[in-house]
Each structure stands twice: as C-alpha cells, then as structure tokens.
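**Student:** Sharing a structure, written as structure tokens. Questions coming.
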Amino acid sequence: MAVNLLRRLFRRKAAVPTQAPAPTAEVAAVETAAYYEVWGGLESANRALWTGLWFSITVALLCLVLVRLLLTRPPVVIRVSDSGAAQAVSEPGRQPPVSEVEIKNFLSLFERFFWGLNFYGYEQDLKSAFSMMTPNFQRKADDLLKREGIVESLQANQSKVTVTLTDLEVLRDTPELLECRVLGSRQIVSYKPEGPSGEVVFEHNIILRKVPRSEQSPYGVLVEDMKERVFKRQ
C-alpha cells in the first residue's frame, strides 16, 4: 500500500507543467519603454543631427574664406638675371619692372591687333587692341577709326592687312611713361580679285603708361598716345 501511495505522488508531480524562463532585461526594457522615453531618444538624435549640420556649415565657410585669401595673395615672382641666376622677390607689394623684351613684345602685339586687320576677324583684333589702351587713348583711337573710315574701307574691299615691323626702340624711360619708336610697313591686299592693294611705310611714336600688373594688363603698360608718320604710300 505504501508503494501505491508513492507511485500516485510521483505521477502527480510529473503532471505539473514547467514554468517558462523569465524574460531577459533587454526584452523587459523594450516591452516596458514609456512614450516619453521614446520621444526623448528622438529629441536627442535630432539635436545631434543639427549639431553636425552646423559644424559642417562652419567648416565649409572657413574653407571658402581660406580659398579667397589664397586667391588674393600676390603671385610669387622669380627674377632671372642675364647669367641665369634665379632669385625670388620677397616683397609682396613689389612688382618687377617692365623689361625691354616685354615692351617690344607688347608693341608687336599692339601693332598687329590695331593695324593688321583682317576682314574675317577684325572685330576680335580691335577688341584685343583696345584692351591694351588707356581709357583716354581708347576714345582717341575710336575717333581715328571713324575719321579715317578704316573699318568701312575694310568691309567694302574685304581687305587683309599684314604688318611687318623692322625696328622697335625705347627712346625714353621715366617712372610713369615710356616713349617708343616703331618702324615698319603695312601690306594691303583684298580677298576680291579686283580689290585694291597697296603698301604703307610708317613710323609710330608711341607713349606707354606704366600701370600695376594685373590680369587685364599683364605687361604692366598701356598705350597712352600714338602718332604716325608715313614715309611712303602706294
């Protein structure tokens, strides 16, 4: 009888179901998170994003200011002597003087742009020539073109003018002005078979004004005045 009682007790204990494991702390925290905790997390993330945005804008503005400062810095000038020795000009506000080679190159370009006109590209040449003049001489040059009818004759005859320079010389050099003499000739032909042709042998007395070097005047000089003397006209 005692054996039967022990068997019934064992069966009753085996029939009792086991309990489920207790939830972990993370699961319990998620299931029990209140609305203000979720709202606080979103507010914290929002503040972090705004902080990052303002930091990025500040860095971008500082970079723009730095680029602008670098662009406005004067260029590094390296002067090369006749013997080939190179020396950097350390003074930031100092500009190298205009050399004789630069003057001759400037005069050659000006003569070609202003006098060596071509029917198919004279507008761009005159624009380049006027950029090499002072405002005062620009008005004089415009009056000269109108008075001599140079553009009208070029258009009517479809002409092409070739300038050949034989001598360029600096006569006088002052702190503000340069007086130069240019000798050469202009050969005039026409794209028309029956168009006129001719030749002009000239001497130009040109006054150059020294100006600060810039992108608009890289040579450091501009034409202030010009007078022409004609030796031969055919």
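Each reported figure results from applying straightforward, stated rules to the coordinates on display, with no laboratory input. Fair warning: this is a prediction, and the values are worked out from it, not measured in the lab. Neighbour counts run over all protein chains shown; Cβ positions are idealised from the backbone, glycine included.
**Student:** Where a ≥ b ≥ c are the square roots of the eigenvalues of the C-alpha gyration tensor, would you call region 107-157 rounded, which needs a/c under 1.5, or, failing that, prolate if a/b is larger than b/c, or oblate?
**Tutor:** oblate
**Student:** Here's a follow-up. Give, in nm to one decimal, the length gained when the segment between Q158 and S108 is fully stretched (0.36 nm per residue of separation minus the Cα-Cα distance).
**Tutor:** 15.6 nm
**Student:** Then there is this: Could I have the simple spin-label model distance between L66 and S131, label points 7 Å from Cα toward Cβ, reported in nm to one decimal?
**Tutor:** Going from the L66 label point to the S131 one covers 3.3 nm.
**Student:** Let me ask something additional. Are there GluC sites (Glu not before Pro) in region 166-221 that DSSP puts in a loop and that have at most 12 other Cβ atoms within 10 Å, and which ones?
**Tutor:** E176, E194, E215
**Student:** Could you derive backbone 3J(HN,Hα) for region 50-64 from the dihedral phi with the Karplus parameters 6.51, -1.76 and 1.60 (θ = phi - 60°), listing whole Hz in sequence and x where the residue is Gly or Pro?
**Tutor:** So the Karplus estimates, Gly and Pro as x, are 5, 5, x, 5, 5, 5, 5, 4, 4, 5, 5, 5, 5, 5, 5 Hz.
**Student:** Sticking with this structure for a sec: Principal axis extents for region 100-234, Cα atoms only, whole Å, descending order, please.
**Tutor:** If we take the Cα atoms of region 100-234, the spans are 50, 28, 24 Å.
**Student:** Another question, then. So how far apart, in nm, are the two label points at K146 and E215 if each is 7 Å from Cα heading toward Cβ?
**Tutor:** Going from the K146 label point to the E215 one covers 3.2 nm.
**Student:** Still on this structure, I have one more. Pop the C-beta distance of Q234 and E100 into the FRET formula with R0 = 22 Å and round what comes out to the nearest 0.05.
**Tutor:** Rounded to the nearest 0.05, the efficiency is 0.10.
**Student:** What is the calculated FRET efficiency for L165 to N118, with r their C-beta to C-beta distance and R₀ = 30 Å, to the nearest 0.05?
**Tutor:** 0.95
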